[in-house]
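S.K.: One structure, pasted below without further comment.
The values are calculated or read from the model by the stated rules, or taken from the named source; none is laboratory data. Given the structure is predicted, the values throughout are model-derived calculations rather than measurements. When we count neighbours, we look across all protein chains shown, and the Cβ atoms used for this are built from the backbone with ideal geometry, even at glycine. With ligands, DNA and RNA removed, areas are computed over all heavy atoms of the protein, side chains included. Shrake-Rupley method; radii C 1.70, N 1.55, O 1.52, S 1.80 Å.
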Amino acid sequence: MRKILIVGAGQSGLQLALGLQSQGYEVTLMSNRTADEIRSGRVMSTQCMFHTALQHERDLGINFWESQAPKIEGLGVSVAGPESQRLIDWLGTLDGYAQSVDQRVKMAGWMETFAQRGGQLVIHGAAVSDLDYFSRTYDLVLVSAGKGELVSMFGRDASRSPYSEPQRALAVAYVHGLGPRPEHPDVEAVRCNLVPGVGEMFIMPTLTTTGRADILFWEGIPGGPLDVFQGVKDPSEHLALTLELMEKFLPWEYARATKVELTDANGTLSGRYAPTVRNPIGRLPGGGLVLGVADVVVANDPITGQGSNSASKCAASYLASITEHGDKPFDEAWMRQTFDRYWDTAQHVTKWTNAMLGVPPEHVLNLIGAAGQLPPVANRFANGFNDPADFESFFYDPDKTAAYLASVTDASPVPAGE
Ligand SMILES: Cc1cc2nc3c(=O)[nH]c(=O)nc-3n(C[C@H](O)[C@H](O)[C@H](O)COP(=O)(O)OP(=O)(O)OC[C@H]3O[C@@H](n4cnc5c(N)ncnc54)[C@H](O)[C@@H]3O)c2cc1C
């Protein structure tokens, strides 16, 4: 059977490894950390995944935490005004629920499953020189090492990467004890709170190592009032800062956060990175070729919560490209086609995410505002997180936005007085 090496045991590498393994491929998975190190390590993401991405996991029978993880049925948006009042507040309904399973739980569990099923697991932080050797002994080498150092093998695609600097400073805290939202206490939801000119806060339920929890996630415009987490090493200080900023900018969210405590000493994360699309094929010093997967080749800012979704979609797409290729060589042309097939989906994620990082134009503000009066608009916006290609029809072009809003208003006129 064909021998495949996968370097990096995250969402994409593990999903692909388990998928290939179930089809009889001889898979070696290289990880720079053991399952226990991942499980007891630092949180890595907020990893909210929507229906299509979750379905890829169900298709492989690896949705092990689906019954325990909170089912996120709504996605809401609030916009803060200059006096920290809530100018806009609505909740859209997702057609299929979303879920967040702490990557510490999921990746550790998947890694153990891969090994139990007879997979070859190598604990080693791969260097380019290792890959040079392995590219000669495997039929295919896939690099799914996220935003780590191995990305240096893949050149930046400037035509697809409008930003060369990080656009947000990220600060995450996993907490227990967050109160329900008074407006919809029984609906689990992701809340996107926009603070114009300052940044965003995302709040969502998750399943973590200590059970159900909530994540408080600030995205701050660099140099602004939220960009204060760099160098904060003490987790309690990180949480105190998170809450202080919530009290200042989002008092309605702070009101339900007064009793929170961190889930664990590793429940905080801060950092920043520049969103980057790369050339998908890495050329090794010895002439061998490797194919980049997910974040290695398309890393978007988490402002739209798409990276894990994209990693799942990339793994599913590559799995199909590999199995459909049969016994033919995994040459450069195949690698290019394989990436292009994934890019058909990924390009919409990149376009939308990069748009959300900029200052919203007037027609987008109108759209977000109109969603407060028009539930179909709120629902469509919310479901765009599952399929960002849909934004093409109503988000970017002012004329298309106006036509869409007119069509919804005609179908369901806003009651007088609103
Ligand atoms: C703060 C934050 C919030 C986020 N929120 C969301 C969200 O809500 N929804 C969403 O969909 N996405 C979100 N994302 C993005 C998402 O987490 C990533 O895009 C996704 O995990 C990428 O998957 P991946 O498989 O490409 O890489 P990763 O999940 O990063 O996995 C890469 C793995 O490779 C390992 N590795 C690195 N170098 C080596 C090496 N040399 N040798 C061996 N192993 C190596 C790493 O340790 C890691 O285990 C968020 C990201 C951040 C930072």
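S.K.: What part of the accessible area of the chain, given as a whole %, is carbon or sulfur when the probe is 1.4 angstrom? If you can, show how the numbers build up before the last one.
M.R.: Numbers: 8640 of 16910 Å².
On the chain, the fraction of accessible area on carbon and sulfur atoms equals 51 percent.
S.K.: Quick one: ranking D399, D264 by accessible area, 1.4 Å probe, largest first, what do you get?
M.R.: Sorted by accessible area, descending: D399, D264.
S.K.: Work out Dmax and Rg for the range 277-418 from the C-alpha atoms and quote the Rg first, both in angstrom.
M.R.: My reading of the Cα-based Rg and Dmax gives 19.6, 72 Å.
S.K.: Still on this structure, please answer the following. Which three extents, in angstrom, do the Cα atoms of the range 224-331 have along their principal axes, listed largest first?
M.R.: 60, 29, 26
S.K.: Here's something else I'd like to know. When N counts the residues of the range 76-181, how does its alpha-carbon radius of gyration compare numerically with 2.2 N^0.38 Å, as a ratio? Intermediate results must be reported in sequence, preceding the final value.
M.R.: Details: Rg = 21.4 Å, N = 106, 2.2 N^0.38 = 12.9 Å.
Scaled against compact globular proteins, the figure is 1.66.
S.K.: How many percent of the alpha carbon pairs in the range 278-334 exceed a separation of 15 Å?
M.R.: 58
S.K.: Moving on. Enumerate lysine pairs in the chain that are 8 or more residues apart or on different chains, then count those whose Cα atoms are under 19 Å apart.
M.R.: 8
S.K.: What figure in square angstrom, to the nearest 10, would you give for the accessible area of C192 with a 1.4 Å probe?
M.R.: Around 10 Å² of this residue is reachable by solvent.
S.K.: In addition: Can you pull a Stokes-Einstein diffusion coefficient for the range 191-274 at 25 °C (0.890 mPa s), Rh from Kirkwood over Cα pairs, as a whole number of µm²/s?
M.R.: In µm²/s, the coefficient is 183.
S.K.: Would you work out which of G8, S236, L289 lies farthest towards the positive end of the dipole of the chain, given +1 charges on the beta-carbon of Lys and Arg and -1 on that of Asp and Glu, about the Cα centre?
M.R.: So the residue furthest toward the plus end is L289.
S.K.: With a 1.4 Å probe and every protein chain left in place, tell me how much accessible area S12 has, in Å² to the nearest 10.
M.R.: Solvent-accessible area, nearest 10 Å²: 10 Å².
S.K.: At 1.4 Å probe size, put E219, E324 in order of accessible surface, largest to smallest.
M.R.: E324, E219
S.K.: Suppose accessible area is computed on protein heavy atoms with a 1.4 Å probe; arrange H238, H363 from highest to lowest.
M.R.: The ordering from most to least exposed comes out as H363, H238.
S.K.: Another question, then. Just the number, please: percent antiparallel of the DSSP beta bridges in the chain, rounded to the nearest 5.
M.R.: 65
S.K.: To the nearest 10 square angstrom, how much accessible area does T208 have with a 1.4 angstrom probe?
M.R.: T208 exposes around 10 Å² with every protein chain in place.
S.K.: Another question, if that's okay. Roughly how far apart, in whole Å, are the Cα centres of the range 168-240 and the range 7-68?
M.R.: 24
S.K.: Two decimals is fine: what is log10 I(q)/I(0) at q = 0.16, 0.18, 0.19, 0.20 Å⁻¹ for the range 1-147, from a Debye sum with one equal scatterer on every Cα and no solvent?
M.R.: -0.89, -1.04, -1.13, -1.21
S.K.: From the square roots a ≥ b ≥ c of the eigenvalues of the alpha-carbon gyration tensor of the range 1-77, which class results: rounded (a/c under 1.5), prolate (a/b over b/c), or oblate? All intermediate terms of the calculation are to be shown ahead of the outcome.
M.R.: Numbers: a/c = 2.48, a/b = 1.45, b/c = 1.71.
Judged from the Cα gyration tensor, the range 1-77 comes out oblate (a/c at least 1.5, b/c at or above a/b).
S.K.: Relative to the compact globular guide of 2.2 N^0.38 Å, what is the alpha carbon radius of gyration of the chain, as a ratio?
M.R.: 0.99
S.K.: Based solely on its DSSP helices, what 222 nm [θ] is calculated for the chain when runs of n ≥ 4 H residues each add -39,500 (n - 2.57) and the sum is averaged over all residues, nearest 500 deg cm²/dmol?
M.R.: Roughly -11000 deg cm²/dmol at 222 nm, from the helical runs in the chain.
S.K.: Along the range 93-100, what does the Karplus equation 6.51 cos²θ - 1.76 cosθ + 1.60 (θ = phi - 60°) give for ³J(HN,Hα), rounded to whole Hz, x for Gly and Pro?
M.R.: These are the phi-based 3J(HN,Hα) values: 9, 7, 5, x, 6, 9, 8, 10 Hz.
S.K.: Residues of the range 198-268: accessible area per residue at 1.4 Å, in Å²?
M.R.: Normalised by residue count, the accessible surface of the range 198-268 is 40 Å².
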